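Visitor: Below you'll find the structure I mean.
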Amino acid sequence: MRFLLDSDQRAFAASLDAMLRSAETPAVIRDWSRGEHTSGRKLWSRIAEAGVFALAVPEAYDGVGPRPVEVAVAFVELGRHAVPGPLAETVAAAVLLTEPDALAERFLPRLAAGESMVTLAPEGSYALDGDAATTQLSLTPDGLRLAPGHAPARPSLDPARRLTPLLPGGELLSPAPPADRALTWARLATAAQALGVGLALLDRTVAYVRQRTQFGVPVGSFQAVKHRLADAKIALEFARPLVFGAALTMSPADVAAAKTATCEAAYSTARTALQLHGAIGYTAEYDLSLWLTKARALRTAWGGPDECRSVVLNARARPRG
């Protein structure tokens, strides 16, 4: 099957790309990594004004969704620019807070408008950016709770992904939240982010090997370099239709397969980018590092490769009625 975005979806992606290019995201990412959230909150508001969070919120609560394909389109661009913050978590929270109506009315309009930044995590694990989020949700054995706060942030492989343990207790919001459906949305958003990260790493590396010379010629003219870049390009392009195909079906198995393919492709592209940049690629001061660490972190966010492969295999093993 050939999957192509329509003209409105392509225009939406282009407008997000233009907006994020003008936002100087590397500076925002570095501020966020230091726990300075002012520039990140401004960028969050601009993303909300573009309608990104409203895509996961039903129309009855000031949203335009749920529209998973458009969410995937948006998150590719957010990953391409390595935007920090609990992005996938906010989308998943929109799903968790959809029922009952009183809960949706309380939280979703502010979420869609970008006035609230939501993070969530299973009880006992680490929440992303709990120190920046205005709403912290905890999935406990008795349901979805509004966490009363968070402990200090812990170090993370990606400095821009600040991990915070949520404090126990808090108001019980729902005894039976749609956790499985929210997980599927979180994985879709993460897969799309990873695809954008991989594409950005590839673009930056291609540009670098064209201008770096050795023996008087561009490094990009060497056959071995061309092969490495071609392998990265093929892996990302094979992963792309899996993301948008999964967004159409929203099958947990399809989404898990897309997440595995995109995250592995992005991680492989990150390794290629690091090798072809040479010693400069290892330096935290060089902007490439902002995408390198994110590719590694997204690989295990919301279920690592083994867990996602198990979802796919278990779905295939079930007898069909």
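Visitor: Being under 25 Å from Ser156 (Cβ atoms), among the acidic types (Asp, Glu) and touching a residue at least 40 places away in the same chain (Cβ under 8 Å) is true for just one of Glu77, Glu70. Which residue is that?
Guide: Details: Glu70 fails: under 25 Å from Ser156 (Cβ atoms).
Being under 25 Å from Ser156 (Cβ atoms), among the acidic types (Asp, Glu) and touching a residue at least 40 places away in the same chain (Cβ under 8 Å) holds for just one of Glu77, Glu70, which is Glu77.
Visitor: Taking the options Leu172, Leu144, Leu248, Leu157, name whichever one is part of a strand (DSSP E or B) and surrounded by fewer than 17 Cβ atoms within 10 Å (Cβ to Cβ). Reasoning before the result, please.
Guide: On the way: Leu144 fails: surrounded by fewer than 17 Cβ atoms within 10 Å (Cβ to Cβ); Leu248 fails: part of a strand (DSSP E or B); Leu157 fails: part of a strand (DSSP E or B).
Answer to the selection: Leu172.
Visitor: Let me ask another. Please determine, by comparing only the residues of the range 1-34 that are more than 15 Å from Leu290 (Cβ to Cβ) and assigned to a loop (DSSP other than H, G, I, E, B), which one is modelled with the highest pLDDT.
Guide: It comes out as Ser22.
Visitor: Can you tell me how many residues in the range 161-213 are small (Gly, Ala, Ser), touching a residue at least 12 places away in the same chain (Cβ under 8 Å) and over 16 Å from Glu99 (Cβ atoms)? Walk me through how you get there before you give the answer.
Guide: In the first step, residues of the range 161-213 are kept if they are small (Gly, Ala, Ser); the result is 169-170, 174, 176, 179, 182, 186, 189, 191-192, 194, 196, 198, 200, 207.
Narrowing the set further to residues that are touching a residue at least 12 places away in the same chain (Cβ under 8 Å) leaves 169-170, 174, 176, 179, 182, 186, 189, 191-192, 194, 196, 198, 200.
From what's left, over 16 Å from Glu99 (Cβ atoms): 169-170, 186, 189, 191-192, 194, 196, 198, 200.
So the answer is 10.
Visitor: Restricting attention to the range 208-238, and to residues there that are β-branched (Val, Ile, Thr) and assigned to a strand (DSSP E or B), which single residue is modelled with the lowest pLDDT? Full working, then the answer.
Guide: Residues of the range 208-238 that are β-branched (Val, Ile, Thr), as a first pass: 209, 213, 217, 219, 225, 234.
Those left that are additionally assigned to a strand (DSSP E or B): 213, 217.
Numbers: Thr213: 78, Val217: 83.
The extreme case among them is Thr213.
Visitor: Same structure again: I need a count of the residues in the range 83-125 that are crowded, with 24+ Cβ neighbours inside 10 Å and either at positive phi or free of Cβ contacts under 8 Å to residues at least 12 places away in the same chain (or both).
Guide: Result for the range 83-125: 1.
Visitor: If Ala60 passes every condition in (1) part of a helix (DSSP H, G or I); (2) under 30 Å from Ala284 (Cβ atoms); (3) of a type in the set (A, V, I, L, M) but one, which one does it miss?
Guide: (2)
Visitor: Can you name the residue in the range 13-24 that is free of Cβ contacts under 8 Å to residues at least 60 places away in the same chain and surrounded by 14 or more Cβ atoms within 10 Å (Cβ to Cβ) and is also nearest to Leu157 (Cα to Cα) among such residues?
Guide: Taking the range 13-24 first, the residues free of Cβ contacts under 8 Å to residues at least 60 places away in the same chain are 14-15, 18-19, 22-24.
If we keep only those that are surrounded by 14 or more Cβ atoms within 10 Å (Cβ to Cβ) too, we end up with 19, 23.
On the way: Met19: 28, Ala23: 24 Å.
Among residues in the range 13-24 that are free of Cβ contacts under 8 Å to residues at least 60 places away in the same chain and surrounded by 14 or more Cβ atoms within 10 Å (Cβ to Cβ), the one nearest to Leu157 (Cα to Cα) is Ala23.
The values are calculated or read from the model by the stated rules, or taken from the named source; none is laboratory data. Being a predicted model, the structure only gives us computed values, none of them experimental. In this analysis, Cβ positions are derived from the backbone assuming ideal geometry, glycine residues included, and neighbour counts consider all displayed protein chains.
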